[in-house]
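The values are calculated or read from the model by the stated rules, or taken from the named source; none is laboratory data. Just so it is clear, the model here is predicted, and its values are computed rather than measured. Ideal geometry is used to build each Cβ from the backbone, glycine not excepted, and the neighbour counts take in all protein chains shown. The accessibility values were calculated without ligands, DNA or RNA, using every heavy atom of the protein model including side chains. Shrake-Rupley method; radii C 1.70, N 1.55, O 1.52, S 1.80 Å.
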Amino acid sequence: MVLAKVLSSTLLGVDAHRVEVEVDLANGLPMFTTVGLPDASVRESRDRVKAAMANCGFPFPLRRITVNLAPAHLRKAGTAFDLPIALGVLQAAGYIQSGMLSRYQVVGELSLDGRVKAVAGALPMAVGALESGVDGMVVPLENAAEASVVEAVPVFGVETLSQAIGFFNGTESLSRTVSDVNALFENKAVYAEDLADVKGQQHVKRALEVAAAGAHNMLLIGPPGSGKSLMARRLPSILPDMGLTEAIETSKIHSIAGLLHRDQALVATRPFRSPHHSTSDAGLIGGGTIPGPGEVSLAHNGVLFLDELPEFRRSVLEVLRQPLEDAQVTIARAAMALTFPARFMLAAAMNPCPCGYSTDPQRACHCSAQQQQRYTSRISGPLLDRIDIHIEVPPVHYADLASSAAAEPSAAVRARVNTARQRQRARFAGTDIPHNAAMGVRNIRQYCKLDAAGERLLEQAMHRFGLSARAHDRIRKVARTIADLAAADAIGIEHLSEAVQYRTLDRQSG
């Protein structure tokens with residue numbers, strides 16, 4: 001009996017867990033058995049390993065082979081175990097003599113000709129390797145830049161199984177992949193789209209700035225062609241500068257989803273996700289036999305944009321309520337319950353009526369009042385209450401489109417947003433509140449106090465528009481953000497008046 005051990009990793013949620021790949025070669029009829037809760041893709045590795053070894057010149061041992069993936073209570077999925085299993089079989093068969101193999105974490109998928117192919121989740125696996133205290137990490141060459149973001153872990157990229165064998169035998173040297181994370185972060189922190197591209201719509205740009213300054217969810221309401229999607233796509237460019245910690249958090253989720261590529265080792269800009277209205281519940285919040293991240297998690301630290309909001313199925317919209325409140329989403333299955341981060345800004349857009357032209361002065365609307373009411377009622381009241389800012393987007397005038405005057409760039413707006421966020425960080429120092437939108441009821445009472453005139457104005461708005469208690473709190477929070485943009489310590493009546501104007505749907509229903 002010959003036993004070999006190789007360290008590897010498996011993903012559960014956004015975290016990687018250490019797995020010991022134990023390979024035992026025993027006398028008996030040739031057989032290959034994998035135990036330790038492997039899924040189908042892991043069980044199929046025996047065929048890939050056998051073909052890759054043969055095509056690299058290493059005969060497959062005709063022995064009774066048992067591969068154990070420990071700990072056995074964790075479910076194992078994916079193709080990242082191909083390379084560690086192959087190396088374990090090779091060491092047990094005597095083709096690898098060095099003891100280095102048990103001190104490195106190894107992941108990689110094998111093709112039949114022995115090439116090592118990329119896997120998903122190399123970044124969180126590298127974070128796990130750091131916590132495990134291994135000497136280094138051997139990964140597919142395509143994943144090397146991504147894994148090397150964790151600078152404390154030596155990362156070595158391999159292209160073939162033969163290269164990996166030579167490295168562990170000491171006959172082939174591999175260059176350590178090194179990334180300058182700060183330089184990488186600065187070079188990639190550039191937005192392709194700019195708010196200066198938007199002509200006119202000054203009041204909508206102002207609403208975007210307020211939303212960005214306090215991380216408030218917003219809804220854009222206007223006819224087709226008014227620029228709702230155009231402006232929403234530029235919202236990430238005016239959000240506060242992304243910190244390195246946020247970038248790594250976001251990159252881990254994108255790595256698990258397989259969205260990081262060789263030339264993009266780090267997500268350095270705020271993500272923008274825009275799922276189609278035909279998306280399912282699982283597509284939006286995540287799912288699967290072993291749950292993976294959905295759109296709400298891929299938008300973590302960025303923007304989730306839902307265009308044509310009433311066209312989404314009501315059941316899909318209702319599942320947004322938990323992540324909007326808790327900044328995370330929990331997916332329960334019979335075998336496990338996994339939690340994914342989901343702190344995002346929700347930006348949504350919709351037409352004011354089925355045809356879209358009820359607010360367009362140039363085009364006639366043929367929708368009845370009943371059709372308009374049925375259309376807007378597709379969005380539930382509880383979801384609307386969780387959207388802080390409702391803003392009407394009118395058609396763009398020709399004079400604005402033809403104007404050659406330079407519009408304010410995103411960088412200038414982002415500078416004001418950064419300043420407002422700094423005031424909020426100072427205000428909430430020592431708490432877990434990241435921005436104004438995350439304030440609870442107790443925080444609102446403490447930080448969003450109104451003077452007598454402000455109280456009277458808000459009371460009138462509540463009675464006139466029939467606002468809910470949640471809408472009342474949203475107005476106070478938005479007013480606090482407007483005051484922060486104005487560098488004001490107290491909420492003035494002008495700040496509160498502007499915040500009330502950002503409840504378009506409430507005012508229409510009132």
### Message
Given a 1.4 Å probe and heavy atoms of the protein chains only, how would you sort LYS188, LYS449, LYS252, largest accessible area at the top?
### Response
LYS449, LYS188, LYS252
### Message
Rounding to the nearest 10 and keeping the result within 0 to 90°, find how far the Cα-based axis of helix 469-485 lies from the longest principal axis of the chain.
### Response
90
### Query
Solvent-accessible area per residue for the chain at a 1.4 Å probe radius, Å²?
42
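From Cα pairs below 8 angstrom and at least 6 apart in sequence, can you work out the relative contact order of region 121-231, rounded to a whole percent?
Relative contact order, region 121-231: 17 percent.
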### Helix axis angle, 244-256 relative to the chain longest principal axis, alpha carbon, degrees
60
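How big is the Cα convex hull of the chain in projection, averaged over all directions, in nm²? Can you show the working numbers first?
Working: hull surface 109.8 nm².
Its Cα hull, projected and averaged over all orientations, spans 27.5 nm².
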### Query
How many nm separate the modelled label positions at ARG470 and SER274, each set 7 Å beyond the Cα in the direction of the Cβ?
2.7
### Query
How do the peptides 469-480, 52-63 rank, highest first, by the average count of neighbouring beta carbon atoms within 10 Å per residue?
469-480, 52-63
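Ratio of Rg to Rh for region 404-444, alpha carbon only, Kirkwood?
1.20
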### Task
Report, in whole Å, the centroid distance computed from the Cα atoms of region 298-367 and region 399-420.
27
### Message
Given points 7 Å out from each Cα along the Cα-Cβ axis, report the ALA183 to ARG64 separation in nanometres with one decimal.
### Response
5.6
### Two-decimal Rg/Rh across region 162-225, once Rg and the Kirkwood Rh are taken from alpha-carbon atoms
1.41
### Task
Roll a 1.4 Å probe over the protein heavy atoms and report the accessible area of THR339 in Å², nearest 10.
60
### Query
Which ³J(HN,Hα) values, rounded to whole Hz and listed in residue order, are derived for region 267-275 from phi using the Karplus coefficients 6.51, -1.76 and 1.60 in 6.51 cos²θ - 1.76 cosθ + 1.60 with θ = phi - 60°, glycine and proline given as x?
7, 9, 10, 4, x, 10, 10, 9, x
### Query
Looking at the chain, how many pairs of lysines come closer than 21 Å at the Cα, when each pair is eight or more places apart or spans two chains?
12
### Task
Would you mind pulling out the separation of the Cα centroids of region 101-136 and region 444-478, in Å?
54
### Accessible carbon and sulfur surface of the chain relative to its total accessible area, %, 1.4 Å
49
#### Entry: Relative contact order (percent, whole number), the chain, Cα cutoff 8 Å, 6+ residue spacing
13
### Query
Sequence-distant or interchain residues sharing an amide H contact under 5 Å with VAL303, placed H: which?
PHE272, ARG273, MET345
### Query
Based solely on its DSSP helices, what 222 nm [θ] is calculated for the chain when runs of n ≥ 4 H residues each add -39,500 (n - 2.57) and the sum is averaged over all residues, nearest 500 deg cm²/dmol?
-11000 deg cm²/dmol
### Task
Report the antiparallel proportion of the DSSP beta bridges in the chain as a percent, rounded to a multiple of 5.
50
